[in-house]
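Worksheet for the structure shown next.
The values are calculated or read from the model by the stated rules, or taken from the named source; none is laboratory data. Note that the structure is a prediction, hence the values are computed from the model and not measured. Don't worry about glycine lacking a Cβ; one is built from the backbone with ideal geometry, like all the others, and counts go over all protein chains shown. Heads up: the accessible areas ignore ligands, DNA and RNA and are worked out on the full protein's heavy atoms, side chains in. Shrake-Rupley method; radii C 1.70, N 1.55, O 1.52, S 1.80 Å.
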Amino acid sequence: MHTTVILLADAPAQLLPARQLMAFTLASHIILVPFGVALPLLTLVMHYRGLRRNDPVALLLARRWSAVMAVQFAVGVVTGTVLSFEFGLLWPGLMGKWGGVFGIGFGVEAWAFFLEAVLIAIYLYGWRRLKPRTHFLLGLPLPAAALLGAFGILAANSWMNTPRGFTLDAGGTPQDVHIWSAIFTPMFGPQYWHFVVAMLLTAGYTVAGVYAVGWLRGRRDRYHRLGFTLPFTLAAVFTPVQFLLGDSIARSVFHKQPVKFAATEIVWRTDTHVPEYIFGRLHPDGTVSGGIRIPQFDSILAGFTPGTKVTGLTSVPAADRPTATQATITHWAFDLMVVIGSLLILLALWYGWCRLRRHRLPASPWFFRAAACAGVASVVAVECGWVTAEVGRQPWIVYGHMRIAEAVTPTRSTSLWIMLGLVVVVYAFIFGSLLAVLLKMRTRWRLADARRSAGERTEEPEAETPYGPRARVPADGTGPGPAEDGRP
C-alpha cells in the first residue's frame, strides 16, 4: 500500500482540516507581510529624499505610500491575530507542552505589532501638523518596529526547526529553559536575514510594478519615474544578496536538518555523487520521473565537491520523514523559488546595465512588462519559501521532538472543515475590501493629479505641500476656502 495512505490512515481525523486551515490563513497573511516589514522603509527613504532635495513629488509619493501602509497594516493585524489564535486552538499539544520554551517569540511579535500601530498613527497624523524634520524623525523607528515583529515570529519558527534551550525531565516535560538559546537557535540567523531581504525585494518590486504599469500606459511623468526608480533600485541592489543568503540557508539546512534537505532535493538514499533534479517527481519506491537531471551536481552544491555525502530520506524510518508526495511538493516549491530568484537577478542586471552604463531607464517595453510581473513573482517566491520550510519539516511540528499528529486539537473534524469554509469566505471579503479601498485611493489620486495638471485647485490634502495649513473646503463644496490654522 502507498506509504502516504498508510500514514494518513494512522493520523487523527482532525489533522487534515487543521493543517488546511493553518495553511490557508498563513498563505493569506504572508501576502501582506512584505508591505508591513518593508514598506515603512521605502516610505521613509522617499520621505528623506523629498526633504533633502526639497522635492514635492517625492513628498507626495511618501504621503500616499504612508496611507497605503496604514490600510494594509490594519488588514495585516487582523490576519496575523487569527494566526496567533490558531496556534492555541488548532495545536494545543504544541502550546501546552512547548509554549513556555518558544512562546517568547510570539510575545515579542505582539509588542512589535502594538508599537508599529502607535508609530504609524503618529506618522500619519504628523503630515501637515508637525515640523518636517520632527515628523521625519518620529517616523524613523517604524522600520525597526517592523523588523522586531519579524524577529519574534522568525525566532519561534526557527526554534521549531532546530529546538534548543531546554532539558527534558524523566516524563519528557521541558524544563530549565534558557531564553537566549531558545531564541538564537542555529537556524535563526540564516532564516531571519533571508526572510527580511525577501520582504524588501517583494515590497520593492511590487511597488515599482504599479508604476511600471503606468509607464506602459503612457504615463511618463516624473511622478511615475520616481515612484518606479526608488523601490526598484533598492530591490535590484538586494536581489543578488538574497541569492547568496538563499544559498547560505540551504547549506544550514544541509547541516542542521539533513532529512529536510533530502526532501528538498528528493534524495532517496544516502550517497555521494548525488545528481541534482530540477523539478521532477519522487515516487514511493525512490525513483524519480520527469525533470532535468544534472549528474553529481547536488553533491557539488552541498559541499563543493562531487564526493560530498548527502543524507537520504531512507536514513530515518518512514514515520520520521516526509512522504514521497510531501518531498515532491517541497522540491517543486524550492525549485520554483530558485527559478524566480534567478529571473529577478537577470532583470536586476538589465536595469543595472542601463543605469550605470547608459544613465537612463531601460527603453524596452519588455523590461517594464517584466518589472510589472516581478512583484507578483516575488510574492509567489515568498509563498514557495514557506512551503519549503513547513512541508519539508513533516511530520514534525517540533523537529525531532513532537509530531504534528500529537499536537492537533481534539475538536471534531467536521467542525474544523466548517471553520475552514467560514474563514475562506471572511478572508475573501477582507481582501476584496482591501483591494476596493486601494483602487478607490488610486482613482482619487489620479483624478486629483489630472485636475492639478490642468491648473485647477483641488481639495485633496496631497495637492499642496504636505506641510503647512490645510485648505478649508466650504460646506457647499464650491471650492477651497481660506487657510485654516493647521488643525484638521
Which listed residue is more than 26 Å from D335 (Cβ to Cβ) and buried (at least 16 other Cβ atoms within 10 Å of the Cβ), from V398, V425, V379: V398
Options T206, T185, T233, T202: the member that is assigned to a helix (DSSP H, G or I) and open to solvent by less than 30 Å² (accessible area, probe 1.4 Å): T202
Tabulated pairs, the range 247-259, first open to solvent by less than 40 Å² (accessible area, probe 1.4 Å), second aromatic (F, W, Y) and outside any helix (DSSP H, G or I), C-beta under 7 angstrom, 6+ apart or interchain: Q257/Y399
Qualifying residues in the range 56-77 (those that are more than 21 Å from H29 (Cβ to Cβ) and not hydrophobic (A, V, I, L, M, F, W, C)) - the one farthest from the chain's Cα centre (by Cα): P56
Any hit, the range 99-116, residues being buried (at least 18 other Cβ atoms within 10 Å of the Cβ), assigned to a helix (DSSP H, G or I) and modelled with pLDDT of 90 or more: no
Top-ranked residue of the range 393-439 - restricted to ones that are small (G, A, S) and within 24 Å of P174 (Cβ to Cβ), ranked as modelled with the lowest pLDDT: G400
Output for the range 286-320, where each listed residue is farther than 17 Å from S252 by Cα, touching a Ser or Thr at 6+ places or on another chain (Cβ under 8 Å), of a type outside the set (A, V, I, L, M) and surrounded by 14 or more Cβ atoms within 10 Å (Cβ to Cβ): G286, P306, T314, S315
Qualifying residue in the range 363-371 (condition: open to solvent by 10 Å² or more (accessible area, probe 1.4 Å), out of contact with any Gly (no Cβ under 7 Å at 6 or more places or on another chain) and under 16 Å from L234 (Cβ atoms)): no
Residues (among the basic types (K, R) and in a helix (DSSP H, G or I)) located in the range 250-285: R251, K256, K260
Filter pass, E406 being open to solvent by 60 Å² or more (accessible area, probe 1.4 Å) and touching a residue at least 24 places away in the same chain (Cβ under 8 Å): yes
Options L89, L39, L8; residue that is assigned to a helix (DSSP H, G or I) and either modelled with pLDDT of 90 or more or open to solvent by less than 10 Å² (accessible area, probe 1.4 Å) (or both): L39
